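The values are calculated or read from the model by the stated rules, or taken from the named source; none is laboratory data. On a predicted model such as this, the values are computed, not experimentally measured, just so you know. Note that we place each Cβ from the backbone using ideal geometry, even for glycine, and neighbour counts take in every protein chain shown. Accessible surface is based on the protein model in full, side chains and every heavy atom, while ligands, DNA and RNA are left aside. Shrake-Rupley method; radii C 1.70, N 1.55, O 1.52, S 1.80 Å.
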Amino acid sequence: MIITRAPFRVSFFGGGSDIPSFYKRQKGAVLSVAINKYMYISTHRYFQKNRFSLKYSNAEIVEHLDDVQHPLLREILKKYTPPVGIEISSVADIPAGTGLGSSSSFAVAAIHNLLVRLSRNCTKQELAEMACEIEIDKLNEPVGKQDQYAAAFGSLNVFEFLEDGKVLDRRVPLNSNDKKDFRSHLMLFYTGTTRSASEVLHDQKKNLDTKTQSQNTLQEMVQLVSEGEKCLYEKNFEKFGMLLHRSWEMKKTLSTKISSSGLDEIYQKAKNAGAIGGKLLGAGGGGFLLFVCPPSKQTQLQGALQGVEQINFEFDEEGAKVLFYGEEQ
């Protein structure tokens with residue numbers, strides 16, 4: 001049996017600049033951190049040697065890979081085919097469709113697992129690129145590249161997306177105490193709703209393709225990446241929160257599907273209770289709200305959002321990882 005995992009991520013600035021319709025015009029960038037919420041993939045030799053057993057939110061037993069209903073698993077298995085007779089199972093700490101990059105974490109963990117089974121080594125960069133190839137090139141999903149790279153690399157990073165499609169990684173070199181201090185100013189709340197990222201991203205992409213104002217707004221949001229990174233070096237978390245608020249206000253103009261009256265109400269309650277700034281994570285429409293709030297005001301904020309579930313988390317430093325490798329008889 002082989003068990004792999006890949007972390008989910010929290011994206012602070014620059015989201016949306018990692019899609020081709022933007023970075024093919026000008027360089028994109030994001031500032032994000034991987035967190036200790038994971039997608040786990042396990043594989044084991046299946047006793048029926050001519051079949052694949054797949055277990056996720058549904059269950060499938062198939063003989064031919066073209067019959068696999070799960071799009072990601074189908075294309076990953078076709079690309080990295082293990083010996084026939086494999087059982088694949090997935091387990092996640094967080095539900096899909098909540099803005100933490102779950103589909104890309106799934107892709108990274110699954111590809112990593114099958115490469116180990118095939119005795120193939122790869123770097124984290126190569127693993128991220130393989131996941132991008134499946135999600136973006138093969139399945140034509142309207143997703144960007146940041147999630148695959150965050151899942152593969154882990155930690156706190158700036159990723160830059162170049163016009164030729166290359167991605168550059170720069171780890172933000174905060175020491176452990178400064179990271180702990182930064183983490184202590186962050187609060188994560190689950191809104192109780194999930195959404196289709198594809199629907200939101202399709203609308204955002206359409207606007208980027210046709211509206212100059214949307215392109216200019218996203219360019220301004222990319223500029224906040226370097227400003228936010230500078231705040232971390234200076235430990236100026238108040239300004240970081242203000243920048244996050246500004247970024248969120250700009251992001252909402254990119255598509256009417258990104259927020260809603262209910263989400264805006266929760267956000268304003270948090271602001272009134274002491275949050276400096278925040279944002280809805282991922283494409284928008286539902287999922288998790290992130291806030292920057294001084295530790296001295298966090299109890300007050302928790303009271304204001306009573307009934308909205310808070311999720312505790314820490315930063316992940318490892319990225320994609322093999323948790324278990326056991327010889328099969």
Note to self: I need every pair where a residue in region 301-315 that is more than 12 Å from Leu188 (Cβ to Cβ) has its Cβ under 6 Å from the Cβ of a residue that is open to solvent by 50 Å² or more (accessible area, probe 1.4 Å), sequence separation at least 6 or different chains.
What the structure shows: Ala304/Lys269
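Can you confirm whether region 1-14 contains a residue that is in a loop (DSSP other than H, G, I, E, B), among the aliphatic types (A, V, I, L, M) and either open to solvent by less than 30 Å² (accessible area, probe 1.4 Å) or in contact (Cβ under 8 Å) with a residue 24 or more places away in the chain (or both)? Talk me through it step by step, then tell me what you get.
Of region 1-14, the ones in a loop (DSSP other than H, G, I, E, B) are 1, 14.
Adding the requirement that they be among the aliphatic types (A, V, I, L, M) leaves 1.
Adding the requirement that they be either open to solvent by less than 30 Å² (accessible area, probe 1.4 Å) or in contact (Cβ under 8 Å) with a residue 24 or more places away in the chain (or both) leaves 1.
Yes, some residue in region 1-14 is in a loop (DSSP other than H, G, I, E, B), among the aliphatic types (A, V, I, L, M) and either open to solvent by less than 30 Å² (accessible area, probe 1.4 Å) or in contact (Cβ under 8 Å) with a residue 24 or more places away in the chain (or both).
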Next item on the list: Scan region 64-75 and report the pairs whose first residue is within 12 Å of Lys138 (Cα to Cα) and free of Cβ contacts under 8 Å to residues at least 24 places away in the same chain and whose second residue is open to solvent by less than 30 Å² (accessible area, probe 1.4 Å) and β-branched (Val, Ile, Thr), with Cβ atoms within less than 7 Å and a gap of 6+ or a chain change.
Entry: Arg74/Val68
Checklist line | Single residue of region 251-267 satisfying the filter (farther than 13 Å from Lys279 by Cβ and of a type in the set (Ser, Thr, Tyr)) that is least open to solvent (accessible area, probe 1.4 Å) | finding: Ser255
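Just one of Asp147, Asp164 is surrounded by fewer than 24 Cβ atoms within 10 Å (Cβ to Cβ) and within 23 Å of Ile19 (Cα to Cα); which is it?
On the way: Asp147 fails: surrounded by fewer than 24 Cβ atoms within 10 Å (Cβ to Cβ).
Every option except Asp164 fails the conditions.
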Item checked: Residues located in region 133-144, provided they are open to solvent by 10 Å² or more (accessible area, probe 1.4 Å) and outside any loop (DSSP other than H, G, I, E, B) -> Glu133, Ile136, Asp137, Lys138
Notebook entry, point to check: Here are some conditions: (1) touching a helix residue (DSSP H, G or I) at 6+ places or on another chain (Cβ under 8 Å); (2) assigned to a loop (DSSP other than H, G, I, E, B); (3) modelled with pLDDT under 95. Gln306 meets all but one. Which one does it not meet?
Noted result: (1)
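Residues to consider are Tyr46, Tyr56, Tyr40; find the one that is out of contact with any Pro (no Cβ under 7 Å at 6 or more places or on another chain) and over 29 Å from Phe288 (Cβ atoms).
Details: Tyr56 fails: over 29 Å from Phe288 (Cβ atoms); Tyr40 fails: over 29 Å from Phe288 (Cβ atoms).
Tyr46 is the lone residue from the list that is out of contact with any Pro (no Cβ under 7 Å at 6 or more places or on another chain) and over 29 Å from Phe288 (Cβ atoms).
Looking for something within 16 Å of Asp147 (Cα to Cα) and either hydroxyl-bearing (Ser, Thr, Tyr) or at pLDDT below 95 (or both) - is there at least one such residue anywhere in region 164-181?
yes
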Margin query: I'm checking my understanding of the structure. Among residues of region 182-211 that are assigned to a helix (DSSP H, G or I) and at pLDDT 95 or above, which one is most open to solvent (accessible area, probe 1.4 Å)?
Written below: Arg183
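Going by the conditions given, is Gln125 polar (S, T, N, Q), assigned to a helix (DSSP H, G or I), at pLDDT 95 or above and within 23 Å of Lys279 (Cβ to Cβ)?
Numbers: polar (S, T, N, Q): yes; assigned to a helix (DSSP H, G or I): yes; at pLDDT 95 or above: yes; within 23 Å of Lys279 (Cβ to Cβ): no.
When the stated conditions are applied, Gln125 does not pass them.
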Notebook entry, point to check: If you go through region 212-250, how many residues are assigned to a helix (DSSP H, G or I) and open to solvent by 20 Å² or more (accessible area, probe 1.4 Å)?
Noted result: 20
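Taking strands (runs of 3 or more DSSP E) that fall entirely within region 34-119, which contain at least 2 residues that are surrounded by fewer than 16 Cβ atoms within 10 Å (Cβ to Cβ) and of a type in the set (A, V, I, L, M)? If you could, list the steps in order and put the result at the bottom.
Working: elements: 52-55, 59-62, 86-92.
Hits in region 34-119: 59-62.
From the list Phe8, Phe22, Phe47, which one is out of contact with any strand residue (DSSP E or B) (no Cβ under 6 Å at 6 or more places or on another chain) and not β-branched (Val, Ile, Thr)? Before you say what the answer is, go through the steps one by one.
Details: Phe8 fails: out of contact with any strand residue (DSSP E or B) (no Cβ under 6 Å at 6 or more places or on another chain); Phe22 fails: out of contact with any strand residue (DSSP E or B) (no Cβ under 6 Å at 6 or more places or on another chain).
The unique qualifying residue is Phe47.
Please enumerate the residues belonging to region 50-65 that are closer than 21 Å to Val91 by Cβ and touching a strand residue (DSSP E or B) at 6+ places or on another chain (Cβ under 9 Å). Reasoning before the result, please.
Here is the first cut: in region 50-65, the residues closer than 21 Å to Val91 by Cβ are 52-62.
Across region 50-65, the qualifying residues are Phe52, Ser53, Leu54, Lys55, Tyr56, Ser57, Ala59, Glu60, Ile61, Val62.
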